[in-house]
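Visitor: Supplied in structure tokens, the structure appears directly below.
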Amino acid sequence: MAFNIAKINPLDLQPRKAIGVSIPFSSRAVFLSTYTSQDALKSNLINFLLTNKGERFLNPNFGANLRSLLFEQMTLEVKDTIASVIRSGIQDWFNNVNVEALNVTESTDSNTITIYMKYSIDYTNIQDELLINFQQ
């Protein structure tokens, strides 16, 4: 009988040690720290999706470059392009993340594009969701 043994990130074994910075920056202090690898990965994914290529100093290929696609005429092809850019970027930069569901929806009344992503992390029991709204 086979067992599915989940690996625990060594950073999660020290619960009082901060390992990352939470995004968005909306706390009373300058930064709000993250204490689990799940929260740190979620913040890193948000950072990746909101960053354009060329923005990161000494790492010009980092970023999803979504702003160049968000203000196009929203057709089915543009939505598919956004989804494929996200999937390929996550595969390149976050190779331990499996995208299970990815939906790109638009609301023409409020000029809003919503990206919903459900993902899991390899060799762990961690599953999480991410919801980002882009408003004009």
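The values are calculated or read from the model by the stated rules, or taken from the named source; none is laboratory data. Just so it is clear, the structure is predicted and the values come from calculations on it, not from any experiment. A quick note on method: Cβ atoms are made from the backbone with ideal geometry, for glycine too, and the neighbour counts reach across all protein chains shown.
Visitor: Quick check, is Leu76 at negative phi and over 16 Å from the mean Cα position of the chain (by Cα)?
Guide: Judged against the criteria, Leu76 is a match.
Visitor: Does at least one position in the stretch 120-127 carry a residue that is at pLDDT below 95, touching a strand residue (DSSP E or B) at 6+ places or on another chain (Cβ under 8 Å), among the β-branched types (Val, Ile, Thr) and assigned to a loop (DSSP other than H, G, I, E, B)? Give the steps one after another, and end with the answer.
Guide: Within the stretch 120-127, the subset at pLDDT below 95 is 120-127.
The next check asks that each one be touching a strand residue (DSSP E or B) at 6+ places or on another chain (Cβ under 8 Å); those that pass are 120-122, 126-127.
Applying the additional criterion that residues be among the β-branched types (Val, Ile, Thr) yields 121, 126.
From the residues that got through so far, the ones that are assigned to a loop (DSSP other than H, G, I, E, B) too are 126.
Yes, there is a match, as at least one residue in the stretch 120-127 is at pLDDT below 95, touching a strand residue (DSSP E or B) at 6+ places or on another chain (Cβ under 8 Å), among the β-branched types (Val, Ile, Thr) and assigned to a loop (DSSP other than H, G, I, E, B).
Visitor: Residues of the stretch 53-78 being in contact with a Gly (Cβ under 7 Å, 6 or more places away or on another chain) and either among the hydrophobic types (A, V, I, L, M, F, W, C) or more than 17 Å from Pro24 (Cβ to Cβ) (or both), which ones?
Guide: Pass one, the stretch 53-78, residues in contact with a Gly (Cβ under 7 Å, 6 or more places away or on another chain): 53, 55-56, 60, 64.
Selection gives Lys53, Arg56, Pro60, Ala64.
Visitor: Here's something else I'd like to know. May I ask you to verify whether Ile8 is at pLDDT below 90, in a loop (DSSP other than H, G, I, E, B) and surrounded by 16 or more Cβ atoms within 10 Å (Cβ to Cβ)? Break it down stepwise before answering.
Guide: Numbers: at pLDDT below 90: yes; in a loop (DSSP other than H, G, I, E, B): yes; surrounded by 16 or more Cβ atoms within 10 Å (Cβ to Cβ): no.
Taking the combined requirement at face value, the residue does not satisfy it.
Visitor: For the stretch 78-99, enumerate the residues that are surrounded by 14 or more Cβ atoms within 10 Å (Cβ to Cβ) and not in a strand (DSSP E or B). Don't jump to the end; show me each part of the working.
Guide: Taking the stretch 78-99 first, the residues surrounded by 14 or more Cβ atoms within 10 Å (Cβ to Cβ) are 78-79, 81-83, 85-86, 89-90, 93-94, 97-99.
Within the stretch 78-99, Val78, Lys79, Thr81, Ile82, Ala83, Val85, Ile86, Gly89, Ile90, Trp93, Phe94 qualify.
Visitor: Could you grab me the full set of residues in the stretch 20-47 that are of a type in the set (A, V, I, L, M, F, W, C), surrounded by 14 or more Cβ atoms within 10 Å (Cβ to Cβ), in contact with a strand residue (DSSP E or B) (Cβ under 6 Å, 6 or more places away or on another chain) and more than 21 Å from Asn98 (Cα to Cα)?
Guide: Of everything in the stretch 20-47, nothing turns out to be of a type in the set (A, V, I, L, M, F, W, C), surrounded by 14 or more Cβ atoms within 10 Å (Cβ to Cβ), in contact with a strand residue (DSSP E or B) (Cβ under 6 Å, 6 or more places away or on another chain) and more than 21 Å from Asn98 (Cα to Cα).
Visitor: Name every residue in the stretch 56-77 that is of a type in the set (Ser, Thr, Tyr) and either surrounded by 14 or more Cβ atoms within 10 Å (Cβ to Cβ) or in a loop (DSSP other than H, G, I, E, B) (or both), in order of residue number. Break it down stepwise before answering.
Guide: Residues of the stretch 56-77 of a type in the set (Ser, Thr, Tyr): 68, 75.
Selection gives Thr75 alone.
Visitor: Are any residues in the stretch 63-91 more than 17 Å from Ile46 (Cβ to Cβ) and either touching a residue at least 24 places away in the same chain (Cβ under 8 Å) or among the acidic types (Asp, Glu) (or both), and if so, which ones?
Guide: Phe71, Glu72, Met74, Glu77, Lys79, Asp80
Visitor: I've got another one for you. Here is a list of conditions, (1) modelled with pLDDT of 70 or more; (2) assigned to a loop (DSSP other than H, G, I, E, B), and Ser43 meets all of them except one; can you say which number that is?
Guide: Condition not satisfied by Ser43: (2).
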